[in-house]
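What follows is a single structure, written as structure tokens, with notes after it.
The values are calculated or read from the model by the stated rules, or taken from the named source; none is laboratory data. Because the structure is a prediction, the values reported are computed rather than measured. Here the Cβ positions follow ideal geometry from the backbone for every residue, glycine too, while neighbour counts run over all protein chains shown. Keep in mind that these areas ignore ligands, DNA and RNA; they rest on the heavy atoms of the full protein, side chains included. Shrake-Rupley method; radii C 1.70, N 1.55, O 1.52, S 1.80 Å.
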Amino acid sequence: MKYHFLCNAVGVSAAFLLLATASARADLFVIAASEPAGHGEVFRLEEHSGSVLNRWTTGTEAIHGIAVSILGDVYVAADTLGAGEIIRFSPAGEQLGGFGDSNLTMPAAMTLGPDGNFYVLSAMPASDGFRGQVLRFSSNGKQAGVFVAAQNGTGRQFVDLAFRGEDHLLVVDFEKGILRFDARSGQFLGVFIPTGDELVTPSGIAVGPDGNLYVSSREANVVLRFDGSTGQYMDTFVSPGTRALNGPMGLTFGNDGNLYVASCYDHHVVRFNGKTGDFAGMLGGNDLHFPTRITSGAVPFLMARPLK
């Protein structure tokens, strides 16, 4: 099994980030496939206008996850032939170093945790295939370890993750749905939202300023909203057939409160009104080939209700 970079790869996953810090200008960071080589590329977009401020490649085969530190540096989870590494860049694309771990194989999404550490999805080879795991790294890579171990009964195809407050880590498993783990110990707490009539082919997750969960479905071309406390289905926040939503993958809430979704198959980032779900424009231009994951470096971190 090999995690490829493009939209049809379950192992390519989004990362989102909600920060309490303010920023003079809110930027969006998007990972996509460069053309014609097909290597991973990072785009930095100005949130309001959608213009490309700068872009850079990592020199690796692919990029699968992206997150922004509280200091504004950009971290990407990249791999070459399945061997993963975390590479650090300035917002302008200057490489500032990197690190890895023997457990970091076929990395997927990553996010910044409430403790200031980075959490990265990975896949551990097993006799019957692969099992999902979550690794934890400090910003300099000196504190590395397995936070959620690969195990039977948890999941095989981890594709995205998000913290809701300081108590729970939510992980998207492509087959099982939304899994819940204790944010301090990594203990598996069960399937929070199972796949079913509403939730099919989940591909990305974001926690909104209202504390609810927003989940993209790549094949259904929708963004669903679930109650962040109970996991109960609320509504289809972005409906099928909505303009320019074609193969939605990663999603994040911007500093302006709007929802930004990587629409992989039509090569754009799409903006939706964060309260109504109405279409509000497209970003990225013609060079954004197969965008998969997106994160913001300055978003209000508002968690209204703890998970039950």
>> Taking amide H atoms as placed 1.01 Å from N in the peptide plane, list the residues 5 or more away in sequence, or in a different chain, whose amide H sits under 5 Å from that of G204.
In response: S216
> How would you rank 158-164, 220-226, 54-60, highest first, on the average number of other Cβ atoms within 10 Å across their residues?
Replying inline: 158-164, 220-226, 54-60
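Could you look at segment 135-189 and say what percent of its accessible area is carbon and sulfur, using a 1.4 Å probe and all protein chains?
Details: 850 of 2210 Å².
Carbon and sulfur atoms account for 38 percent of the accessible area of segment 135-189.
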> Heavy-atom accessible area per residue, segment 33-148, 1.4 Å probe: how many Å²?
Replying inline: 38
> What's the extension gain from D182 to S51 if we count 0.36 nm per residue and subtract their Cα-Cα distance?
Replying inline: 43.3 nm
> How much FRET efficiency would the formula 1/(1 + (r/R0)^6) give for S69 and D197, where r is the Cβ-Cβ distance and R0 is 35 Å, rounded to 0.05?
Replying inline: 0.35
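Which of the peptides 167-178, 137-148 is most tightly packed, and how do the rest follow, going by the mean number of other Cβ atoms within 10 Å of each residue?
Details: 167-178: 21.3, 137-148: 15.8.
The packing order, highest mean first, is 167-178, 137-148.
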